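The values are calculated or read from the model by the stated rules, or taken from the named source; none is laboratory data. Nothing here was measured: the structure is a model prediction, and the numbers come from that model. Reconstructed Cβ throughout: ideal geometry from the backbone, glycine too, with neighbour counts over all protein chains shown. Surface accessibility is based on the protein's heavy atoms, side chains included, excluding ligands, DNA and RNA. Shrake-Rupley method; radii C 1.70, N 1.55, O 1.52, S 1.80 Å.
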Amino acid sequence: KDDKQESISFAIDDLDINKTLGVGAFGRVKLVRINSKKPELSSVNGQTYALKCLSKKSIVENGLQEHILNEKYIMGELDHPFILNYFGAMQDDKNIYFLLEVLLGGELFKYLRTETQFPESWSRFYAATVVLAFCQMHSRNIAYRDLKPENLVLDSKGFLHVVDFGLAKKVDAGKTWTLCGTPDYLAPEVILNEGHDWGVDYW
């Protein structure tokens, strides 16, 4: 784990890897359980996590080394009830691994597609959740830059968590001009290349 939480060191051998929860462009997310004989892991033995497995070969071929490091550092800096919990990173010869909170409630996108339209009370609740998560990000000068229903995932109690920090960026002063995000959700200043900061998150 990172400094924001009590330090516990994990290794891949401490994990029982189970089913695949999702597949992305450069790897997959698997459901894992801590199963270790190490005394220092006795307090977390049996706990389940999500393990994001990223192919080193794909990362290098696509020039994403700095991108992945940036994602790791940003996740490590954030600690909020409505932001996906990050517990640490590991690696072996083939992959980089992020150990993450497991969220089994599904994407908000799935529920929006089923319901077609949410009642106003639902929309207010979900919007408030996202705004609170953004408050912590923006207090640390982090622009998220990829808000969409697919990146809002529910836990077992129905609370939303913001996930996927692949496009997040520290904007310490002034603006950034990177053209990034999902086309359907881009803020005007990103499309027009006018420069942007974390204000784009509210678009």
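Comparing the stretch 109-166 with the 2.2 N^0.38 Å rule of thumb, its C-alpha radius of gyration ratio is 1.16 (two decimals). Of the trypsin sites (Lys or Arg not before Pro) found in the stretch 78-136, those that fall in a DSSP loop while having at most 14 other beta-carbon atoms within 10 Å are 94. Around residue 35, under 9 Å between beta carbons, what's the net of Lys plus Arg minus Asp minus Glu among the other residues? Net charge in that neighbourhood comes out at 0.
Carbon and sulfur together cover what percent of the accessible area of the chain at a 1.4 Å probe radius? After summing per-atom areas, the C and S share lands at 52 percent. Per DSSP H run of n ≥ 4, the term is -39500 (n - 2.57); total these for the chain, divide by its residue number, and report the mean residue ellipticity at 222 nm rounded to 500 deg cm²/dmol. The per-residue figure over the chain is -7500 deg cm²/dmol. Taking other residues whose beta carbon is less than 11 angstrom from the beta carbon of residue 151, and scoring Lys, Arg as +1 and Asp, Glu as -1, yields -2. Contact order, relative form, for the stretch 6-137: 19 percent (alpha carbon pairs under 8 Å, 6 or more residues apart, mean separation divided by residue count). Cross-link partners of residue 157 among lysines, defined as those whose alpha carbon lies under 23 angstrom from its own and excluding same-chain residues fewer than eight positions apart: 19, 30, 52, 110, 148. Run the paramagnetic zone check for residue 122: 7 angstrom along Cα to Cβ, then residues of the stretch 152-175 with backbone nitrogen under 16 Å. Of the residues in the stretch 152-175, 152-155, 157-161 have backbone N under 16 Å from the label point off residue 122. Across the alpha-carbon set of the stretch 47-203, the Rg to Rh ratio works out to 0.97, Rh being the Kirkwood radius. Note on residue 172 and residue 66: their simple-model spin labels are 1.5 nm apart, each label 7 Å out from Cα toward Cβ. Computed over neighbours whose Cβ is under 11 Å from that of residue 94, the net charge equals 0, Lys and Arg +1, Asp and Glu -1. Find the accessible area per residue for the chain; the probe is 1.4 Å, ligands and nucleic acids are left out, and the unit is Å². Here the residues of the chain average 56 Å² of exposed surface.
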